[in-house]
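What follows is a single structure, written as C-alpha coordinates, with notes after it.
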Amino acid sequence: MYRATKDIILPTTITGSLPRPSWYTENLGTRHFLEAMVNRRFREQYEDAVTCFIRDQELAGLDIVTDGDAHFDDDVGGQSWTAYPPNHMTGLDIEHPVPTPAGRGGIWFPRGHILHDYLESRVMPIVTGPISRGNLQYTAMWKAAQRITEKPVKWGSVSAEIVTFALQDRHYKSVPDRMFAIADAFNEEYHELADAGCPVIQIEEPQIHLLAVRNIVDAVINPKLMVEVFNRTVKGLRAKTEVWAHSCWGNPSAQRMFASVQTYKPALEAYNTVDADVITFESSASGGIDLEAIGKIITGKKIAIGVIDHHTLQVERPEEVAAQIRAALKHIPAERLMISTDCGMGREGMSRRHAFYKTVSLVLGTNMVRKELGVPEAKILAADERYSLVVPIK
Ligand SMILES: [Zn+2]
(Lines give C-alpha, C1' and ligand atoms only; values in the text may rest on other atoms or scores of the structure.)
Protein backbone atom coordinates (compact mmCIF):
# COMPACT_ATOMS: atom_id res chain seq x y z
CA MET A 1 0.00 0.00 0.00
CA TYR A 2 1.31 3.44 -0.91
CA ARG A 3 1.67 5.58 2.18
CA ALA A 4 4.89 7.62 2.34
CA THR A 5 5.06 8.18 -1.42
CA LYS A 6 1.35 8.82 -1.92
CA ASP A 7 0.53 12.20 -3.52
CA ILE A 8 4.17 13.28 -4.04
CA ILE A 9 5.64 13.62 -7.53
CA LEU A 10 9.26 12.42 -7.64
CA PRO A 11 9.50 11.62 -3.92
CA THR A 12 13.06 11.87 -2.60
CA THR A 13 14.92 9.74 -0.07
CA ILE A 14 18.28 8.12 0.67
CA THR A 15 18.96 4.40 0.99
CA GLY A 16 19.58 4.26 4.73
CA SER A 17 22.94 4.54 6.45
CA LEU A 18 24.77 7.83 7.02
CA PRO A 19 28.34 8.47 8.20
CA ARG A 20 28.68 8.38 11.98
CA PRO A 21 29.50 11.63 13.76
CA SER A 22 33.07 11.51 15.18
CA TRP A 23 31.74 12.14 18.68
CA TYR A 24 29.41 9.11 18.51
CA THR A 25 31.82 6.73 20.24
CA GLU A 26 29.32 4.40 21.93
CA ASN A 27 28.55 1.01 20.35
CA LEU A 28 25.72 -1.44 20.95
CA GLY A 29 27.71 -4.64 20.52
CA THR A 30 25.52 -7.55 21.54
CA ARG A 31 23.53 -5.47 24.05
CA HIS A 32 19.83 -5.07 23.42
CA PHE A 33 18.81 -1.61 22.26
CA LEU A 34 16.42 -1.02 25.17
CA GLU A 35 19.05 -2.22 27.63
CA ALA A 36 21.67 0.12 26.12
CA MET A 37 19.19 3.02 26.24
CA VAL A 38 19.16 2.70 30.04
CA ASN A 39 22.74 3.95 29.98
CA ARG A 40 22.85 7.75 30.12
CA ARG A 41 25.90 8.12 27.86
CA PHE A 42 24.64 5.68 25.19
CA ARG A 43 21.18 7.22 25.21
CA GLU A 44 22.51 10.76 24.81
CA GLN A 45 24.88 9.87 21.97
CA TYR A 46 22.35 7.68 20.18
CA GLU A 47 19.53 10.21 20.38
CA ASP A 48 21.84 13.07 19.35
CA ALA A 49 23.11 11.03 16.39
CA VAL A 50 19.58 10.21 15.21
CA THR A 51 18.62 13.86 15.63
CA CYS A 52 21.58 15.01 13.51
CA PHE A 53 20.87 12.42 10.82
CA ILE A 54 17.22 13.41 10.56
CA ARG A 55 17.84 17.15 10.79
CA ASP A 56 20.40 16.98 7.97
CA GLN A 57 17.84 15.21 5.76
CA GLU A 58 15.18 17.78 6.66
CA LEU A 59 17.55 20.66 5.83
CA ALA A 60 18.22 19.00 2.48
CA GLY A 61 14.48 18.83 1.82
CA LEU A 62 14.04 15.04 1.53
CA ASP A 63 10.47 13.73 1.57
CA ILE A 64 11.22 10.42 3.30
CA VAL A 65 14.00 10.20 5.88
CA THR A 66 15.89 7.43 7.71
CA ASP A 67 17.53 7.22 11.13
CA GLY A 68 20.90 6.85 9.37
CA ASP A 69 21.13 3.27 10.68
CA ALA A 70 22.24 4.77 14.00
CA HIS A 71 22.25 1.36 15.70
CA PHE A 72 25.21 0.22 13.59
CA ASP A 73 28.49 -0.13 15.47
CA ASP A 74 31.66 1.54 14.22
CA ASP A 75 32.60 -1.63 12.32
CA VAL A 76 34.91 -2.30 9.38
CA GLY A 77 32.86 -1.77 6.21
CA GLY A 78 29.64 -1.33 8.19
CA GLN A 79 29.58 -5.01 9.09
CA SER A 80 26.73 -4.33 11.55
CA TRP A 81 24.36 -4.25 8.60
CA THR A 82 24.74 -8.05 8.44
CA ALA A 83 25.82 -8.74 12.02
CA TYR A 84 23.14 -6.83 13.96
CA PRO A 85 20.27 -9.31 13.36
CA PRO A 86 22.08 -12.56 14.26
CA ASN A 87 23.59 -10.90 17.34
CA HIS A 88 20.15 -9.92 18.60
CA MET A 89 17.94 -12.86 17.60
CA THR A 90 17.44 -16.08 19.55
CA GLY A 91 18.68 -19.51 18.45
CA LEU A 92 22.28 -18.34 18.06
CA ASP A 93 25.32 -18.64 20.30
CA ILE A 94 26.51 -15.06 20.56
CA GLU A 95 29.14 -15.94 23.18
CA HIS A 96 31.27 -17.88 20.72
CA PRO A 97 31.26 -16.10 17.35
CA VAL A 98 33.20 -17.60 14.44
CA PRO A 99 34.49 -16.23 11.11
CA THR A 100 32.28 -16.79 8.08
CA PRO A 101 33.96 -19.36 5.78
CA ALA A 102 35.67 -18.00 2.67
CA GLY A 103 33.49 -17.46 -0.38
CA ARG A 104 30.16 -17.55 1.47
CA GLY A 105 27.48 -15.54 -0.30
CA GLY A 106 29.59 -15.67 -3.44
CA ILE A 107 31.97 -12.91 -2.44
CA TRP A 108 35.73 -13.18 -2.28
CA PHE A 109 38.52 -10.61 -2.18
CA PRO A 110 42.17 -11.71 -1.78
CA ARG A 111 44.42 -10.50 1.00
CA GLY A 112 45.76 -7.13 -0.09
CA HIS A 113 42.29 -5.96 -1.19
CA ILE A 114 40.56 -3.51 1.16
CA LEU A 115 37.48 -5.75 1.26
CA HIS A 116 39.52 -8.66 2.58
CA ASP A 117 39.32 -6.82 5.91
CA TYR A 118 35.55 -6.85 5.46
CA LEU A 119 35.62 -10.63 4.95
CA GLU A 120 37.79 -11.02 8.07
CA SER A 121 35.23 -8.93 9.96
CA ARG A 122 32.40 -11.34 9.18
CA VAL A 123 32.59 -12.84 12.66
CA MET A 124 29.16 -14.22 13.42
CA PRO A 125 27.33 -16.23 16.08
CA ILE A 126 26.58 -19.89 15.26
CA VAL A 127 23.01 -21.15 14.82
CA THR A 128 22.37 -23.66 17.61
CA GLY A 129 18.56 -23.86 17.75
CA PRO A 130 15.35 -22.58 16.19
CA ILE A 131 15.76 -18.93 15.19
CA SER A 132 13.24 -16.34 16.34
CA ARG A 133 13.15 -12.54 16.42
CA GLY A 134 14.51 -12.29 19.95
CA ASN A 135 15.58 -8.74 20.68
CA LEU A 136 15.72 -7.17 17.24
CA GLN A 137 13.67 -4.28 18.67
CA TYR A 138 13.25 -2.54 15.30
CA THR A 139 10.00 -0.98 16.49
CA ALA A 140 11.67 0.73 19.45
CA MET A 141 14.45 2.08 17.20
CA TRP A 142 11.98 3.27 14.58
CA LYS A 143 9.89 5.03 17.26
CA ALA A 144 13.03 6.72 18.66
CA ALA A 145 13.46 8.27 15.20
CA GLN A 146 9.84 8.92 14.18
CA ARG A 147 9.07 10.79 17.41
CA ILE A 148 11.46 13.60 16.49
CA THR A 149 10.20 14.35 12.97
CA GLU A 150 6.96 14.93 11.09
CA LYS A 151 8.53 13.40 7.94
CA PRO A 152 7.92 9.70 7.31
CA VAL A 153 10.81 7.61 8.64
CA LYS A 154 11.62 4.61 6.47
CA TRP A 155 12.94 1.51 8.26
CA GLY A 156 15.38 -0.60 6.26
CA SER A 157 17.22 -3.77 7.09
CA VAL A 158 19.27 -6.56 5.55
CA SER A 159 17.59 -9.44 3.68
CA ALA A 160 17.21 -12.90 5.21
CA GLU A 161 19.51 -14.52 2.64
CA ILE A 162 22.47 -12.21 3.35
CA VAL A 163 22.28 -13.13 7.03
CA THR A 164 21.81 -16.80 6.14
CA PHE A 165 24.94 -16.91 3.96
CA ALA A 166 27.06 -15.36 6.73
CA LEU A 167 26.15 -17.92 9.41
CA GLN A 168 27.42 -21.35 10.35
CA ASP A 169 24.69 -23.70 11.45
CA ARG A 170 24.40 -26.66 13.83
CA HIS A 171 20.62 -26.78 13.77
CA TYR A 172 18.95 -26.48 10.36
CA LYS A 173 19.31 -29.28 7.83
CA SER A 174 19.64 -27.06 4.76
CA VAL A 175 20.43 -23.51 3.67
CA PRO A 176 16.81 -22.85 2.55
CA ASP A 177 15.53 -24.10 5.94
CA ARG A 178 17.78 -21.56 7.70
CA MET A 179 16.78 -18.85 5.23
CA PHE A 180 13.03 -19.38 5.69
CA ALA A 181 13.39 -19.46 9.49
CA ILE A 182 15.13 -16.07 9.38
CA ALA A 183 12.59 -14.73 6.86
CA ASP A 184 9.72 -15.80 9.15
CA ALA A 185 11.38 -14.18 12.19
CA PHE A 186 11.90 -10.94 10.24
CA ASN A 187 8.29 -11.08 9.06
CA GLU A 188 7.05 -11.21 12.65
CA GLU A 189 9.29 -8.26 13.55
CA TYR A 190 8.10 -6.23 10.54
CA HIS A 191 4.45 -6.85 11.39
CA GLU A 192 5.02 -5.33 14.81
CA LEU A 193 6.76 -2.40 13.12
CA ALA A 194 3.93 -1.89 10.60
CA ASP A 195 1.32 -2.14 13.37
CA ALA A 196 3.21 0.60 15.24
CA GLY A 197 2.75 2.87 12.22
CA CYS A 198 6.03 2.61 10.29
CA PRO A 199 5.20 4.10 6.86
CA VAL A 200 7.88 2.31 4.81
CA ILE A 201 9.67 -0.99 5.37
CA GLN A 202 12.64 -1.62 3.09
CA ILE A 203 14.22 -5.04 2.59
CA GLU A 204 17.82 -4.47 1.60
CA GLU A 205 19.66 -6.50 -0.98
CA PRO A 206 17.54 -9.45 -1.97
CA GLN A 207 20.13 -11.54 -3.80
CA ILE A 208 17.99 -11.86 -6.94
CA HIS A 209 20.29 -9.75 -9.15
CA LEU A 210 23.53 -10.97 -7.61
CA LEU A 211 22.68 -14.60 -8.32
CA ALA A 212 21.21 -13.81 -11.76
CA VAL A 213 24.26 -11.86 -12.90
CA ARG A 214 26.70 -14.60 -11.93
CA ASN A 215 24.76 -16.94 -14.14
CA ILE A 216 25.26 -19.75 -11.65
CA VAL A 217 22.96 -22.65 -12.42
CA ASP A 218 22.04 -24.01 -9.02
CA ALA A 219 19.01 -26.19 -8.45
CA VAL A 220 18.45 -24.73 -4.98
CA ILE A 221 20.17 -21.37 -4.42
CA ASN A 222 18.84 -19.39 -7.39
CA PRO A 223 16.91 -16.16 -8.10
CA LYS A 224 13.57 -18.00 -7.89
CA LEU A 225 14.32 -19.02 -4.30
CA MET A 226 15.38 -15.45 -3.51
CA VAL A 227 11.99 -14.16 -4.71
CA GLU A 228 10.31 -16.77 -2.52
CA VAL A 229 12.38 -15.70 0.50
CA PHE A 230 11.60 -12.02 -0.15
CA ASN A 231 7.89 -12.68 -0.44
CA ARG A 232 7.90 -14.73 2.74
CA THR A 233 9.77 -11.95 4.58
CA VAL A 234 7.11 -9.37 3.67
CA LYS A 235 4.05 -11.64 3.71
CA GLY A 236 0.94 -9.65 4.70
CA LEU A 237 2.83 -6.39 5.13
CA ARG A 238 1.54 -4.55 2.07
CA ALA A 239 -1.95 -4.57 3.54
CA LYS A 240 -0.55 -2.44 6.37
CA THR A 241 2.29 -0.38 5.01
CA GLU A 242 4.51 0.45 2.02
CA VAL A 243 7.11 -2.21 1.20
CA TRP A 244 10.32 -1.47 -0.69
CA ALA A 245 12.96 -3.78 -2.14
CA HIS A 246 16.36 -2.08 -2.25
CA SER A 247 18.94 -3.40 -4.69
CA CYS A 248 22.47 -2.29 -5.46
CA TRP A 249 25.87 -3.72 -6.35
CA GLY A 250 27.47 -3.40 -2.92
CA ASN A 251 28.74 -0.70 -0.60
CA PRO A 252 31.04 -1.89 2.25
CA SER A 253 33.81 0.69 2.77
CA ALA A 254 32.28 2.61 -0.20
CA GLN A 255 33.77 0.04 -2.57
CA ARG A 256 32.50 -1.34 -5.85
CA MET A 257 32.20 -5.11 -5.42
CA PHE A 258 32.70 -5.78 -9.14
CA ALA A 259 35.54 -4.77 -11.45
CA SER A 260 33.13 -3.72 -14.19
CA VAL A 261 29.66 -2.16 -14.42
CA GLN A 262 26.94 -4.77 -13.91
CA THR A 263 23.52 -4.91 -15.51
CA TYR A 264 20.23 -5.76 -13.84
CA LYS A 265 18.80 -7.14 -17.07
CA PRO A 266 19.00 -10.87 -16.21
CA ALA A 267 17.17 -10.20 -12.92
CA LEU A 268 14.38 -7.81 -13.91
CA GLU A 269 11.70 -10.39 -14.75
CA ALA A 270 12.23 -11.96 -11.32
CA TYR A 271 12.25 -8.57 -9.60
CA ASN A 272 8.90 -7.75 -11.15
CA THR A 273 7.39 -10.65 -9.19
CA VAL A 274 8.45 -9.53 -5.70
CA ASP A 275 5.66 -8.58 -3.33
CA ALA A 276 6.74 -4.93 -3.01
CA ASP A 277 5.34 -1.48 -3.76
CA VAL A 278 8.68 0.02 -4.73
CA ILE A 279 11.94 -1.36 -6.11
CA THR A 280 15.12 0.69 -5.90
CA PHE A 281 17.93 0.33 -8.43
CA GLU A 282 21.53 1.54 -8.37
CA SER A 283 21.66 3.71 -11.48
CA SER A 284 24.06 6.62 -10.98
CA ALA A 285 27.29 4.59 -10.74
CA SER A 286 26.28 2.57 -13.80
CA GLY A 287 25.45 5.61 -15.94
CA GLY A 288 21.79 4.62 -16.17
CA ILE A 289 22.45 1.69 -18.54
CA ASP A 290 19.39 -0.23 -17.37
CA LEU A 291 16.77 2.54 -17.35
CA GLU A 292 15.10 1.45 -20.57
CA ALA A 293 14.92 -2.22 -19.52
CA ILE A 294 13.72 -1.29 -16.03
CA GLY A 295 10.96 0.89 -17.52
CA LYS A 296 9.84 -1.92 -19.84
CA ILE A 297 9.97 -4.85 -17.43
CA ILE A 298 9.06 -3.42 -14.02
CA THR A 299 5.34 -2.79 -14.27
CA GLY A 300 2.74 -1.88 -11.70
CA LYS A 301 5.28 -0.84 -9.06
CA LYS A 302 7.05 2.39 -8.29
CA ILE A 303 10.71 2.57 -9.21
CA ALA A 304 13.35 4.45 -7.23
CA ILE A 305 16.51 5.23 -9.14
CA GLY A 306 19.82 6.12 -7.52
CA VAL A 307 21.08 9.49 -8.76
CA ILE A 308 23.89 9.78 -6.21
CA ASP A 309 26.96 7.54 -6.26
CA HIS A 310 27.89 6.31 -2.77
CA HIS A 311 31.37 5.22 -3.95
CA THR A 312 32.76 8.67 -4.73
CA LEU A 313 33.45 11.85 -2.78
CA GLN A 314 32.73 14.08 -5.77
CA VAL A 315 29.38 15.67 -5.00
CA GLU A 316 27.08 15.36 -7.99
CA ARG A 317 25.96 18.73 -9.39
CA PRO A 318 22.20 19.38 -9.33
CA GLU A 319 22.34 19.62 -13.15
CA GLU A 320 23.78 16.07 -13.29
CA VAL A 321 21.04 14.82 -10.97
CA ALA A 322 18.39 16.52 -13.12
CA ALA A 323 19.86 14.98 -16.28
CA GLN A 324 19.64 11.49 -14.75
CA ILE A 325 16.02 12.07 -13.78
CA ARG A 326 15.15 13.33 -17.26
CA ALA A 327 16.79 10.22 -18.74
CA ALA A 328 14.69 8.03 -16.42
CA LEU A 329 11.50 9.89 -17.34
CA LYS A 330 11.96 8.78 -20.95
CA HIS A 331 11.23 5.22 -19.79
CA ILE A 332 9.41 5.51 -16.44
CA PRO A 333 6.30 7.70 -15.95
CA ALA A 334 6.66 10.49 -13.37
CA GLU A 335 3.85 9.00 -11.21
CA ARG A 336 5.95 5.87 -10.73
CA LEU A 337 9.41 7.43 -10.43
CA MET A 338 11.21 8.12 -7.17
CA ILE A 339 14.62 9.59 -6.50
CA SER A 340 17.20 8.09 -4.14
CA THR A 341 20.89 7.38 -3.64
CA ASP A 342 22.46 4.29 -5.22
CA CYS A 343 23.05 2.90 -1.73
CA GLY A 344 23.79 3.96 1.85
CA MET A 345 26.61 6.45 2.40
CA GLY A 346 27.42 5.38 5.94
CA ARG A 347 29.25 2.07 5.76
CA GLU A 348 32.74 3.53 6.25
CA GLY A 349 34.51 5.92 3.95
CA MET A 350 32.54 9.12 3.46
CA SER A 351 32.45 12.20 5.68
CA ARG A 352 29.22 13.60 7.06
CA ARG A 353 29.63 16.75 4.96
CA HIS A 354 30.03 14.81 1.72
CA ALA A 355 26.89 12.79 2.47
CA PHE A 356 25.03 15.97 3.44
CA TYR A 357 25.87 17.89 0.28
CA LYS A 358 25.15 14.86 -1.90
CA THR A 359 21.69 14.77 -0.30
CA VAL A 360 21.20 18.51 -0.87
CA SER A 361 22.20 18.06 -4.51
CA LEU A 362 19.74 15.16 -4.87
CA VAL A 363 16.87 17.46 -3.90
CA LEU A 364 18.15 20.50 -5.82
CA GLY A 365 18.34 18.39 -8.99
CA THR A 366 14.90 16.88 -8.36
CA ASN A 367 13.47 20.38 -7.89
CA MET A 368 14.84 21.42 -11.29
CA VAL A 369 12.81 18.64 -12.92
CA ARG A 370 9.78 19.28 -10.71
CA LYS A 371 9.83 22.88 -11.94
CA GLU A 372 9.86 21.69 -15.56
CA LEU A 373 6.92 19.39 -14.83
CA GLY A 374 5.03 22.19 -13.04
CA VAL A 375 4.72 20.24 -9.78
CA PRO A 376 5.51 21.48 -6.25
CA GLU A 377 9.19 21.82 -5.34
CA ALA A 378 10.68 20.91 -1.96
CA LYS A 379 11.91 23.60 0.40
CA ILE A 380 15.68 23.29 0.84
CA LEU A 381 16.77 25.31 3.83
CA ALA A 382 20.38 24.18 3.27
CA ALA A 383 20.43 26.01 -0.07
CA ASP A 384 18.61 29.19 0.98
CA GLU A 385 20.88 32.12 0.04
CA ARG A 386 19.30 34.36 2.67
CA TYR A 387 21.23 32.50 5.33
CA SER A 388 24.66 32.47 3.69
CA LEU A 389 27.39 33.83 5.96
CA VAL A 390 29.34 35.09 2.96
CA VAL A 391 29.03 38.82 2.41
CA PRO A 392 27.17 39.38 -0.91
CA ILE A 393 29.02 40.96 -3.83
CA LYS A 394 28.06 44.64 -4.13
ZN1 LIG B 1 22.60 -1.07 -1.24
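The values are calculated or read from the model by the stated rules, or taken from the named source; none is laboratory data. Here the structure is a predicted model, which means the values were calculated and not measured. Glycine gets a Cβ as well: all are built from the backbone with ideal geometry, and neighbour counts include every protein chain shown.
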Scanning the stretch 201-222 for residues that are aliphatic (A, V, I, L, M) and either more than 16 Å from the ligand (Cβ to nearest atom) or part of a helix (DSSP H, G or I) (or both) gives ILE208, LEU210, LEU211, ALA212, VAL213, ILE216, VAL217, ALA219, VAL220, ILE221
Condition set under 20 Å from the mean Cα position of the chain (by Cα) and more than 18 Å from LYS302 (Cα to Cα), scope the stretch 193-207, selection surrounded by the fewest Cβ atoms within 10 Å (Cβ to Cβ): answer is GLY197
Only unsatisfied item for TYR264, checking (1) within 14 Å of the ligand (Cβ to nearest atom); (2) under 28 Å from ALA383 (Cβ atoms); (3) of a type in the set (Ser, Thr, Tyr), is (2)
The condition of being farther than 19 Å from LEU210 by Cβ and either surrounded by fewer than 20 Cβ atoms within 10 Å (Cβ to Cβ) or modelled with pLDDT of 95 or more (or both) holds, among ALA140, ALA102, only for ALA140
Considering the stretch 223-251, residues that are part of a loop (DSSP other than H, G, I, E, B), out of contact with any helix residue (DSSP H, G or I) (no Cβ under 6 Å at 6 or more places or on another chain) and farther than 21 Å from SER286 by Cα, and then whichever is farthest from the ligand (Cβ to nearest atom), we arrive at GLY236
Residue pairs within 8 Å by beta carbon, gap of at least six or interchain, first lying in the stretch 16-28 and farther than 19 Å from ASN87 by Cβ, second within 16 Å of the ligand (Cβ to nearest atom) and of a type in the set (Ser, Thr, Tyr), listed first then second, are LEU18/THR66
Within the stretch 307-328, of all residues that are within 16 Å of the ligand (Cβ to nearest atom) and of a type outside the set (A, V, I, L, M), the one nearest to MET345 (Cα to Cα) is HIS310
Reported set for the stretch 275-306 where residues are in a strand (DSSP E or B) and within 16 Å of the ligand (Cβ to nearest atom) is VAL278, ILE279, THR280, PHE281, ILE303, ALA304, ILE305, GLY306
Residue set ALA166, ALA181, ALA145; condition under 30 Å from SER260 (Cα atoms) and at pLDDT 95 or above; output residue ALA166
Checked GLN314, GLN324 against criteria (within 19 Å of VAL360 (Cβ to Cβ), among the polar types (S, T, N, Q) and outside any helix (DSSP H, G or I)); the one match is GLN314
(1) over 20 Å from the mean Cα position of the chain (by Cα); (2) of a type outside the set (Asp, Glu); (3) surrounded by 18 or more Cβ atoms within 10 Å (Cβ to Cβ) all hold for TYR387 apart from (3)
Across the stretch 208-224, the tally of residues that are on the phi < 0 side of the Ramachandran plot and without any contact (Cβ under 8 Å) to a residue 60 or more places away in the chain stands at 10
Taking the stretch 71-106 and keeping only residues that are out of contact with any Lys or Arg (no Cβ under 8 Å at 6 or more places or on another chain) and in a loop (DSSP other than H, G, I, E, B), one is left with HIS71, ASP73, ASP75, PRO101, ALA102, GLY103
